[in-house]
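The values are calculated or read from the model by the stated rules, or taken from the named source; none is laboratory data. None of the values given here were measured: they were computed from a predicted structure. Please note: Cβ atoms are built from the backbone with ideal geometry, for glycine as well, and neighbour counts cover all protein chains shown. Only protein heavy atoms, including side chains, enter the accessible area calculation; ligands, DNA and RNA are left aside. Shrake-Rupley method; radii C 1.70, N 1.55, O 1.52, S 1.80 Å.
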Amino acid sequence: MLILNHFVAHKPWHSLNASTATPHQSTKPPIPSKLITITVISSSSNNNKASSAGNVKRLVLSKEGRTKLNPASDGDFYAYPRFVKHVDDAFIATLADLYRERLRPGWEILDLMSSWVSHLPDEVEFKRVVGHGLNAQELARNPRLDYFFVKDLNQDQQLQLKDSSFDAVICTVSVQYLQQPEKVFAEVFRVLKPGGVFIVSFSNRMFYEKAIGAWREGTGYSRVQLVVQYFQCVEGFTEAEIIRKIGSNDGVEKSNSSPFDWVVRLVGLALSGADPFYAVIAHKNFKPIYE
């Protein structure tokens, strides 16, 4: 298994194949969180058997639900960097507020399917932020990342990361592209520390030809339920919490949509109105309560 000193150090940037990259060390000590109590919600209770936590209990998607209109390699599709915002300012502000509320200073964060911006609050200092994505140039521009690595999760879902090594995993406006979400969510469970949180946020924007069929044909409500099922299919995640903030654009397909609307969706832009905000959140084994 690879360890962190094989990762790309963000500052300075090295080749992805460099074997001499060393971890970036934070110069400020982490601020400890005061844990006052926990509520255990794990469904595994038989201590005489090997724990099933982290196992995939069932598959959520059908074969058709995993398909994409553009079957070409995702690595090729994302080879050219896109230094653009994929959601509007209101969505970004809501997401930053959510991170400000749920992520603690001094934590270790994995930004899954990241790009040139992580939307983490500027004033909150974390011990370490590791980024994953498909474009090295975008990741190298992200000022919040201490390390990053490039990997196509639709080809290989295994994360070369140690067990129980992150306090939180975040995934922003990217879950719609996962063709093997069950395995990816199981890997997230593995790398989270007990009590760690996984925050999946999304809107109605997408690269239409690269989103899976189950997502393309869905509505805002059905997409939320789909992500809830991703959590439910992995043994050990707590009950999912859903956060919605919907403006004039709820992501539901209109019956009188024009051909131009289809073209807009195809290139990954939003329809008229504010971007709806959705987040689905769950914890590994139990939900800690902090003072």
(request) Could you run through segment 103-131 and say how many residues are assigned to a strand (DSSP E or B) and either touching a Phe, Trp or Tyr at 6+ places or on another chain (Cβ under 6 Å) or hydroxyl-bearing (Ser, Thr, Tyr) (or both)? (result) 5
(request) Taking Val200 as meeting all but one of (1) more than 25 Å from Ile289 (Cβ to Cβ); (2) at pLDDT 95 or above; (3) out of contact with any Gly (no Cβ under 7 Å at 6 or more places or on another chain), write down the number of the exception. (result) (1)
(message) Against the condition closer than 26 Å to Ser203 by Cα and modelled with pLDDT under 75, how does Phe77 come out, does it pass?
(response) no
(message) It is to be established whether one or more residues within segment 248-259 are open to solvent by 20 Å² or more (accessible area, probe 1.4 Å), farther than 27 Å from Asn70 by Cα and modelled with pLDDT under 95.
(response) yes
(message) Restricting to segment 140-190, give me the number of residues that are part of a helix (DSSP H, G or I), in contact with a Lys or Arg (Cβ under 7 Å, 6 or more places away or on another chain) and surrounded by fewer than 22 Cβ atoms within 10 Å (Cβ to Cβ).
(response) 1
(message) For segment 214-231, which positions are in contact (Cβ under 8 Å) with a residue 60 or more places away in the chain and open to solvent by 10 Å² or more (accessible area, probe 1.4 Å)?
(response) Ala214, Arg216, Leu226, Gln229
(request) Select from segment 55-81 the residues that are among the hydrophobic types (A, V, I, L, M, F, W, C), out of contact with any strand residue (DSSP E or B) (no Cβ under 9 Å at 6 or more places or on another chain) and surrounded by 12 or more Cβ atoms within 10 Å (Cβ to Cβ) and list them in ascending order. (result) Leu59, Val60, Leu61, Leu69, Phe77, Ala79
(request) Mind listing whichever residues of segment 82-112 are under 26 Å from Lys193 (Cα atoms), in contact with a strand residue (DSSP E or B) (Cβ under 8 Å, 6 or more places away or on another chain) and open to solvent by less than 40 Å² (accessible area, probe 1.4 Å)? (result) Thr94, Leu95, Leu98, Tyr99, Leu103, Trp107, Glu108, Ile109, Leu110, Asp111, Leu112
(message) Which condition from (1) in a helix (DSSP H, G or I); (2) under 22 Å from Ile92 (Cβ atoms) is the one that Asn204 breaks?
(response) (1)
(message) Condition first: under 16 Å from the mean Cα position of the chain (by Cα), under 21 Å from Lys85 (Cβ atoms) and open to solvent by less than 20 Å² (accessible area, probe 1.4 Å). Now tell me which residues in segment 117-137 satisfy that.
(response) Ser118, Leu120, Val129, Gly131, His132, Gly133, Asn135
(request) Looking at (1) farther than 21 Å from Glu138 by Cα; (2) assigned to a helix (DSSP H, G or I); (3) open to solvent by 30 Å² or more (accessible area, probe 1.4 Å), find the lone condition where Ser52 falls short. (result) (2)
